[in-house]
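The structure appears below as structure tokens.
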Amino acid sequence: MAKQADLLSVEDARARILAHFFRLETELVPLDEALGRVLAESVTSTLDIPPFANSSMDGFALQSSSTTQAAPGSPVSLDVVDNIPAGSFSSRELRPGESARIMTGAPLPPGADAVVPFEDVDDLGSEIHLSIAVSEGFSVRPAGQDITSGIQVLSSGVALDSRRVALLAAIGVGVVPVVRRPRIAILSTGDELVSPGTPLQPGQIYNSNTSMLVGAVSEAGALPVVLPTVRDDVREIVDSIHAAAGADLLLTTGGASVGDYDHMKDVIGHQGELNFWRVRVRPGKPLLFGSVGSLPVIGLPGNPTSGMVTFEQFARPAIRRMLGAGLYRPTIHVRLDERIENLGGRRTYARAQLRYEAGEFHATLSGSQDSAMLMPLAMADCLLIVPEDREELRAGEIAIAQVWRLPQSPEEA
Ligand code: AMP
Ligand code: MG
């Protein structure tokens, strides 16, 4: 049995994996399919936004110099010579003493340099009276106020959310260069597994890892490709691995440890190349990495929590590298509500819940840290990192958390 100190560190194992992954090709998708995709190129605006000076109010466009004499008790009178709704364009040049009815978003007519809102004038139909002077530029949005032609609006590698999609739409981008989604084959192995929705026979359990990994792969921005679950049978496993050829990565779960029916390590070793097996991590020590032909294979342990933690630390960064996106989740500093023990010299990722109080985040373990248990994993908001050289983190200490979700605010701040 290898001593803990002989095991590969998390950093070394991750580096060995990442060395096999590169950003995938660029593909073009219509803007309305770009949500959630990763931008493959930086995007520069070829337009000023807004493209023309326009009114920010419903009111009257005018020359500010026509209004300098306006004062309460001695109003200035302007003729109304035009009517400009949004979407139209007036080439009628305004002269001193003239105004044009104009709606929000409509282009300022030539000669105008300000807009007085409806509520600030006496509207007599063919003329308006103003009792206060209007300054140059008032209620006007200049061309390029938001975005200037030639500036970069989004950089390569960002994930497109609704706000960024709106930005692309605003500058007229109809087709977006994004990174191809990596195809991640998912194979759960185990004689005991049955699919949710079918009756359980004695000795059987429901396969939760496949659903978990489909979700995790999708959330990471990749495409899950589910392979039929196989039994702990070398022939079945081998056939299934070969059926995964063409994927960008194969994730397996189960059969990675030292049990009599744990075949994964030998199968990868015989069919391809085993790069490493076992990492100085808890949970998830039996993690393995290798390849079969050109297909990289990450063998995740079967225990659900071990599978999830190792997916996060090793598989997700590989997926994110293929996407050309940021590799890691956001981390925050949290104050520990309780002591966390870490005997055995492994890097521990403890499952915990977050609470925000008096200006800082607090973390409480989300339940038992038994890696076979799913409830504490599903309850967890984050993974707390416990360094391998710390036998405990004390209550009240500050630790680093990898964040899955932040706590909901009970009310609007
Ligand atoms: P193994 O890595 O095959 O030794 O499995 C470790 C533990 O995880 C065992 O208790 C298995 O029953 C359980 N397990 C393995 N695969 C799955 C799965 N797909 N869904 C839920 N539990 C699993
Ligand atoms: Mg098994």
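Highest-first packing order for the peptide set 197-204, 136-143 is 136-143, 197-204, based on the mean count of other beta carbon atoms within 10 Å.
The share of accessible area on the chain that comes from carbon and sulfur is 52 percent, using a 1.4 angstrom probe.
For the chain, what is the accessible area per residue in Å², given a 1.4 Å probe and the full set of protein chains? Before the final figure, lay out the partial values.
Working: 19630 Å² over 413 residues.
With the other protein chains kept in place, the chain gives 48 Å² per residue.
Here's the picture: charge each Lys and Arg Cβ at +1 and each Asp and Glu Cβ at -1 in segment 331-403, and of Pro376, Gly396, Tyr356 the one pushed furthest to the positive end of that dipole is Pro376.
Short-range pairs are left out: with C-alpha atoms under 8 Å and at least six residues apart, the relative contact order of the chain is 16 percent.
With +1 on each Lys and Arg Cβ and -1 on each Asp and Glu Cβ, and nothing else charged, work out how big the dipole of segment 331-403 is about its Cα centre, in Debye to the nearest 20.
Working: 8 positive and 12 negative charges, 27 e Å.
With only Lys, Arg, Asp and Glu charged at Cβ, the dipole is about 120 debye.
Using C-alpha pairs below 8 Å separated by at least 6 residues, the relative contact order for segment 331-403 is 47 percent. Dividing the mean sequence gap of close Cα pairs (under 8 Å, 6+ apart) by how many residues segment 54-141 holds gives a relative contact order of 43 percent.
Estimated purely from DSSP H runs of n ≥ 4, each contributing -39500 (n - 2.57), the mean residue ellipticity at 222 nm for the chain is -4500 deg cm²/dmol once divided by its residues.
Between segment 220-266 and segment 1-67, what is the C-alpha centre distance in whole Å? Distance between centres, Cα-based: 34 Å.
With a Förster radius of 22 Å, plug the Cβ-Cβ distance of Asp239 and Phe22 into 1/(1 + (r/R0)^6) and report the FRET value to the nearest 0.05. Write down the numbers at each step before the final one.
On the way: r = 28 Å, r/R0 = 1.29.
E(calc), rounded to 0.05, equals 0.20.
Residues of segment 353-372 with an amide N closer than 16 Å to a point placed 7 Å from the Cα of Leu406 along the Cα-to-Cβ direction: 354-363. Descending by average beta-carbon neighbour count within 10 Å, the peptides 384-396, 220-232 line up as 220-232, 384-396, the highest first. With r as the distance between the Cβ atoms of Arg163 and Asp122 and R0 = 56 Å, compute the FRET efficiency 1/(1 + (r/R0)^6) and round to 0.05. Here the calculated transfer efficiency is 0.85.
At full extension, Asp12 and Asp79 could sit 16.4 nm farther apart than now, given 0.36 nm per residue minus the alpha carbon distance.
DSSP loop chymotrypsin sites (Phe, Trp or Tyr not before Pro) in segment 304-387 with at most 12 other Cβ atoms within 10 Å of their Cβ, which ones?
Details: sites: Phe311, Phe314, Tyr328, Tyr349, Tyr356, Phe361; in loops: Tyr328.
Passing both the DSSP loop test and the Cβ count: Tyr328.
Using 0.36 nm per residue and subtracting the Cα-Cα separation, the extra length available between Thr46 and Arg355 on full extension is 106.8 nm. Between Phe276 and Thr364, the contour length at 0.36 nm per residue exceeds the alpha carbon distance by 28.3 nm. Protection proxy ranking for 157-164, 26-33, using the average of other Cβ atoms within 10 Å per residue and placing the highest first: 157-164, 26-33. In the chain, the DSSP beta bridges split such that about 70 percent are antiparallel, to the nearest 5. The loop-placed chymotrypsin sites (Phe, Trp or Tyr not before Pro) in segment 220-290, going by DSSP, that have at most 16 neighbouring Cβ atoms within 10 Å of their Cβ come out as Tyr261.
Measuring r between the beta carbons of Val258 and Ser149 and using R0 = 56 Å, the FRET efficiency lands at 0.35. Restricting the GluC sites (Glu not before Pro) of segment 266-359 to loop positions (DSSP other than H, G, I, E, B) with no more than 15 neighbouring Cβ atoms within 10 Å leaves Glu338.
With a cut-off of 10 Å between beta carbons, the residues surrounding Gly203 carry a summed charge of -2, where Lys and Arg count +1 and Asp and Glu -1. Here the alpha carbons of segment 201-258 define both size measures, Rg and Dmax, at 12.6, 37 Å.
The values are calculated or read from the model by the stated rules, or taken from the named source; none is laboratory data. No experiment lies behind these values; they were computed from the predicted model shown. Because the Cβ atoms are built from the backbone with ideal geometry, glycine has one as well, and the counts that use them run over all protein chains shown. Please note that ligands, DNA and RNA were not included when accessible areas were found on the heavy atoms of the full protein model with its side chains. Shrake-Rupley method; radii C 1.70, N 1.55, O 1.52, S 1.80 Å.
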